[in-house]
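Each value in this text was obtained by applying a stated rule to the coordinates, not by laboratory testing. None of the values given here were measured: they were computed from a predicted structure. Here Cβ is always computed from backbone atoms with ideal geometry, including for glycine, and neighbour counts include all displayed protein chains.
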Amino acid sequence: MSEVRIEILAELPRQRLARELFDVVWPGDEGTQITPNLLQAMVHNGAYLSGAFIDEKCVGAAFAFPSKGSDDHLHLHSHMAGVLDTYRDRNIGYALKVHQREWAIAHGYDLITWTFDPLVSRNANLNITKLGVEVPFYHRDFYGQMPDAVNAGDASDRVMAYWHLNSTRAKNALAGEECAISNAPFLLAEINGEPVEQEVPRDAKEVRVALPTNITDLRSQNMELARNWRQHVRGALEPRMASGWKITGFTQDRCYVLEEKNAHS
């Protein structure tokens, strides 16, 4: 396979490649994911837009814009990053994020944030294990009802990733740190494909929350079970994260490692 090349898409014809890719990754009945004039305006005024190319074919793209948090700290918010289905599992998403990190550092940023669906194990592993993000917040139905084919029919719950670009955690992950290993009790287990709540000791400082094998496939095959997973994962994560627990790891068998605030202090 030819080598993947990442480049900034500054000109309108190149921006169109990213826009068309986003529309393929998130197809829907409401037209394009982002209009050409808005994309051009944002890129012209400091937003980040990159494409991943194999030969001359755009197979992935990422879009981010400057933002401020509640503490007024200027950071980059990554709104969209996608790879064509036929090019998944080739580390293209990882290459896009590494390029985004390098661009952000060169432009004076030390933090990138983004949301991701907590049910998508592939993204959880990329973000937590390979990139070293922190995941401190859970947002119920963050985007409301989403019309695209990937998310339609399900609540748009999201967790917020915080990628502190120069942190030891991020640097260790980028150097190839392995998946988390945890023997913590299950707060939510997967048994025969079903989510099953478990009793955990009251003094437990760390718990595990299991995910389904592939929530995207499950939505198309059994939406009722997919929604059941949504409710159970929400019930496991939302109240604890609201009280200060954080997702600190992701295991090889698709489990979040959730730690109580100051568990290691």
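Considering the zone a paramagnetic label at Ile191 would reach in this model (a point 7 Å from Cα along the Cα-to-Cβ line), which residues of segment 228-245 have amide N under 19 Å from it?
228-237
Evaluate the relative contact order of segment 1-87 (contact order divided by residue number), counting alpha-carbon pairs under 8 angstrom at least 6 apart; express in whole percent. Numbers along the way, then the final one.
On the way: 140 pairs, mean separation 26.8, N = 87.
Relative contact order of segment 1-87: 31 percent.
Would you calculate a helix-derived [θ] at 222 nm for the chain, using -39,500 (n - 2.57) for each DSSP H run of n ≥ 4 and dividing by the full residue count, to the nearest 500?
On the way: 7 runs with 76 residues, N = 265.
For the chain, the value works out to -8500 deg cm²/dmol.
Place the peptides 76-88, 124-136, 190-202, 34-46 in order of packing, highest mean first, counting for every residue the other Cβ atoms within 10 Å and averaging per peptide. Walk me through the numbers on the way to the answer.
On the way: 76-88: 18.1, 124-136: 21.0, 190-202: 11.8, 34-46: 13.8.
Packing order, densest peptide first, comes out as 124-136, 76-88, 34-46, 190-202.
Near Lys205, which aspartates and glutamates are there with a Cα under 15 Å away, not counting those fewer than 8 places off in the same chain?
Straight-distance partners of Lys205: Glu259, Glu260.
Below 9 angstrom from the Cβ of Leu131, what's the summed charge of the other residues (Lys, Arg +1; Asp, Glu -1)?
Once positives and negatives cancel, what remains is +3.
What number, in percent, do you get for the relative contact order of segment 186-259 if the mean sequence gap of Cα pairs under 8 Å and at least 6 apart is divided by its residue count?
33 percent
Nearest 20 debye, what's the magnitude of the dipole of the chain about its Cα centre given +1 on Lys and Arg Cβ and -1 on Asp and Glu Cβ?
Details: 27 positive and 35 negative charges, 83 e Å.
The dipole magnitude comes to about 400 debye.
Show me the ranking of peptides 89-99, 248-258 by mean Cβ neighbours inside 10 Å, starting with the highest. Please list the in-between numbers first.
Values: 89-99: 17.8, 248-258: 20.4.
Result, highest mean first: 248-258, 89-99.
Answer with one residue from Ala189, Gln252, Leu96: the one whose Cα lies farthest towards the positive end of the charge dipole of the chain, charges on Cβ with Lys, Arg +1 and Asp, Glu -1.
Sorting the options by dipole projection puts first Leu96.
Report the percentage of all Cα-Cα pairs in segment 1-105 whose separation exceeds 24 Å, rounded to a whole percent. Walk me through the numbers on the way to the answer.
Numbers: 1164 of 5460 pairs.
Summing the P(r) tail past 24 Å for segment 1-105 gives 21 percent.
In nanometres, what is the gap between the two model label sites at Ala204 and His44, each 7 Å from Cα along Cα-to-Cβ?
Taking the simple label geometry, Ala204 and His44 are separated by 5.4 nm.
Using only the C-alpha atoms of segment 186-259, find the volume of their convex hull and express it per residue in Å³. Spell out each step's value before the answer.
Values: hull volume 6.4 nm³, N = 74.
About 86 Å³ per residue, rounded to a whole number.
Can you give me the relative contact order of the chain as a percent, contacts being Cα pairs under 8 Å and 6 or more apart?
15 percent
Near Lys57, which lysines are there with a Cα under 27 Å away, not counting those fewer than 8 places off in the same chain?
Cα-Cα hits under 27 Å: Lys97, Lys130.
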